[in-house]
Structure formats: structure tokens, C-alpha cells
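Have a look at the structure below before the remarks.
The values are calculated or read from the model by the stated rules, or taken from the named source; none is laboratory data. Quick caveat: nothing in here was measured; it's all calculated off a predicted structure. With ideal geometry, Cβ positions are generated from the backbone for all residues, glycine too; neighbour counts draw on all protein chains shown. Surface areas here come from the heavy atoms of the whole protein model, side chains and all, with no ligands, DNA or RNA. Shrake-Rupley method; radii C 1.70, N 1.55, O 1.52, S 1.80 Å.
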Amino acid sequence: MKTFDYVKADSPESAVVAGGRFIAGGTNLLDLMKLQIETPERLVDISRLDLARVEERADGGLTIGALVPNSDLAADARIIKDYPVLSRALLAGASGQLRNKASTGGNLLQRTRCYYFYDTAMPCNKRVPGSGCAAIGGFNRILAVLGTSDQCIATHPSDMAVAMRALDATIVTLKPDGDRRRIAIGDFYRLPGDTPHIETMIEPGELITHIDLPPPPAGTQLYRKVRDRASYAFALVSVAGIVAVENGRIASAALAFGGLAPMPWRDPAVEAALVGKTPSTAVFEAAADALLADARGFGSNDFKIPLTRRVLIACLRDLTGEAA
Ligand code: SF4
């Protein structure tokens, strides 16, 4: 491993001016450093900052400190009661040991699990810009079918972020100049385009301090994850759904998807195909058509397209109470 400086921050303000890579749980970063995919000159340890609480907001929502461990957040009584989609997504991710260490902020920033990104003998535009993409034309079973570019077809691996996308979370940051930013999660992630190595709107030295959840949404919530084994596996496809039915019609719908795209995916056309309609198989199929209109497989991930259609329709049946 390459040598690096280690600094322990005692406040968010001191962390952002310390000039290094932040480390909290380290559940992804340490693996990347061992493989020399990430080689920071300086690590800034933020694990002891006072950012590990979940607090109620005046508007009825919650503020989640960036250092709340994933396991604590999943077990928080307010999350279980009012945001069950988030609790279930968290519990679908990683393993118990990893959830104990992984932080909420770090979970948002974890990097793709594309096999070739971790294999330094292979070309990868995300790891080495301009080197090529071994996954296009390679084994791409777990990779994306939406939002790809000819430079990168990686997926974002988080379950938690998919639920937060459906919940319209806001990410709160602190910059080295002292400015704070509030970034809607829908604006937080970037598509790969020609710069797949730039994954979020976070700027150098900018620290995630909190994640705000709006007041609890109306309706039924669900998180469903389809994967190659029952635990400790990333999603082939996942659905975070929040749907309210009133007077026999779909009054509101929020649907976000994991395992399909370089970011937690949400498409307004899917929700537009549902809202105002009487739940039925034809309506659910129209929503799936909207989601998958631009989907493109790359060989070994072609199966994700029909799989996603089936999973979405099954989720919509459960969310609306419409029998098959
Ligand atoms: Fe790298 Fe992206 Fe291609 Fe994977 S899909 S090899 S991360 S450029």
C-alpha cells in the first residue's frame, strides 16, 4: 500500500480544510486503497465527528447525520414506522458487520462494483480516464441498461440511495470555504457521459454532513431487491416504491430503481403512466414500457430488461393491492 498522512478531524469545519480524502467506516475506501485504485496522499478521519444522530425537523421530516451507521438507521423506530422503504433497503444491503461500520454519507458515495473497475490489469475509463471499457463486450451481468454511455456502463451499488431517491431526500454539505449546500438527491449523481470518473456533484474537499428526509409520504412503501443470492449480493434490479391509492385511483407514485443505471434511477414518465389511473395490469405494463423504452443490454445483462418488467409489475400489484 502507498503511504499516506492520517489526520483526525475534531469538527466538520476542521475536516473540510484538512485537505484530504474523508474516511468514516472505510468499508469501500480501504478496499480501493489496498488495490491502489484510490491512492490519497492524506486521510482525514471524520468518524468521531458529532454527526451520528437522527433528529426530527420542524416540518415533520428527519435530519440524518452523515455518520449514522447503516444498522442504526435501519433500526431507528421513526424510520421503521414512517419510512419503511428506507429501513428495508438498508437491511437489503451488504452484511450485518458492514452495516455496523458503513456510514450514511459513505453509503451515498460508494463506488461501483463493476468487476473490471477492481481489476487493475483491465482497461477502465472510470479508474483510468481514456483507457477504455472492458465491460462493454465483456462479462457485464451486473451492469447497467439505462443511463449508460459508450465510455461506461457501471451501476451504482447502493440500496439505501435508491430508497432515498424515492423519498426525495436532500443532501446537505459543507465546503472548505464554509458555504453549505443543499442538493436534491435527484441532482446529486451524474451520468457517465464522457467523464465516468466524475460520479457526483460533490466538489474536492466538500463534506456531506446530513441527509434530510421530507415529511413521511402518504401511501404504501416497499423495497424489493432481486439478486443472485439471498444475502450479501448487489442488486440485479431493485425497486423502491411509494404509492397511494385513493377512491380507486392512484393518487401519487414515487418509484426508484437500483441495479439498472449509474445512479439511483427515477423516471417521471413511469410515475406519469400511473397517477390518476385505476390500478390494472395494462396500466402497470404501460409504466414498465415507459421505464424501459430506452433500455439497452450489452450481452450478458440483456436479461435485466424483461426481469425489470416483471419485478416492477409485481411490485405495483403489491403496492396497489391489485391482484394478478
Ligand atoms: Fe470501468 Fe465503467 Fe467500463 Fe466498468 S463499465 S470497466 S467501471 S468504464
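Residues considered: Ala94, Ala89. Of these, the only one that is under 28 Å from Ala144 (Cα atoms), more than 16 Å from the ligand (Cβ to nearest atom), part of a loop (DSSP other than H, G, I, E, B) and touching a Phe, Trp or Tyr at 6+ places or on another chain (Cβ under 7 Å) is Ala94.
Rundown of residues vs (1) out of contact with any Asp or Glu (no Cβ under 7 Å at 6 or more places or on another chain); (2) within 19 Å of Pro268 (Cα to Cα); (3) within 16 Å of the ligand (Cβ to nearest atom), yes/no style:
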{"site": "Gly147", "(1), (2), (3)": "yes, yes, yes"}
{"site": "Arg165", "(1), (2), (3)": "yes, yes, no"}
{"site": "Phe188", "(1), (2), (3)": "yes, yes, no"}
{"site": "Thr195", "(1), (2), (3)": "yes, no, yes"}
{"site": "Ile202", "(1), (2), (3)": "yes, no, no"}
{"site": "His210", "(1), (2), (3)": "yes, no, no"}
{"site": "Leu213", "(1), (2), (3)": "yes, no, no"}
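In region 8-22, is there at least one residue being within 28 Å of Ala235 (Cβ to Cβ), modelled with pLDDT of 95 or more and not charged (D, E, K, R)? Yes: one or more hits.
If you check Ala135 against the conditions, is it within 11 Å of the ligand (Cβ to nearest atom) and under 22 Å from Lys225 (Cβ atoms)? Here the answer is yes, as Ala135 does meet what is asked.
Taking residues in region 79-102 that are at pLDDT 95 or above, and partners anywhere that are surrounded by fewer than 17 Cβ atoms within 10 Å (Cβ to Cβ), the pairs with Cβ atoms closer than 6 Å and at least 6 places apart or on different chains are Ser87/Ile80. Each residue in region 285-308 was checked for being touching a helix residue (DSSP H, G or I) at 6+ places or on another chain (Cβ under 8 Å) and within 15 Å of Ala269 (Cβ to Cβ), and 9 pass. Of the strands (runs of 3 or more DSSP E) contained entirely in region 1-86, those carrying at least 1 residues that are acidic (Asp, Glu) fall at 5-8, 42-45, 54-56. Answer yes or no as to whether Ile64 is surrounded by 17 or more Cβ atoms within 10 Å (Cβ to Cβ) and in contact with a strand residue (DSSP E or B) (Cβ under 8 Å, 6 or more places away or on another chain). For Ile64, the condition - surrounded by 17 or more Cβ atoms within 10 Å (Cβ to Cβ) and in contact with a strand residue (DSSP E or B) (Cβ under 8 Å, 6 or more places away or on another chain) - is met.
Just name the residue that is modelled with the lowest pLDDT out of those in region 177-236 that are of a type in the set (Asp, Glu) and within 30 Å of Asn140 (Cβ to Cβ). Across region 177-236, the extreme among qualifying residues is Asp228. Set side by side, the residues Gly248, Gly259 differ, and just one is surrounded by 24 or more Cβ atoms within 10 Å (Cβ to Cβ), out of contact with any helix residue (DSSP H, G or I) (no Cβ under 7 Å at 6 or more places or on another chain) and at positive phi, which is Gly259.
Scan region 278-292 and tell me whether some residue there is open to solvent by less than 30 Å² (accessible area, probe 1.4 Å), within 19 Å of the chain's Cα centre (by Cα) and at pLDDT 95 or above. The answer is yes; a qualifying residue exists. The one condition from (1) open to solvent by 20 Å² or more (accessible area, probe 1.4 Å); (2) closer than 16 Å to Pro157 by Cβ; (3) not charged (D, E, K, R) that Ala240 does not meet is (1).
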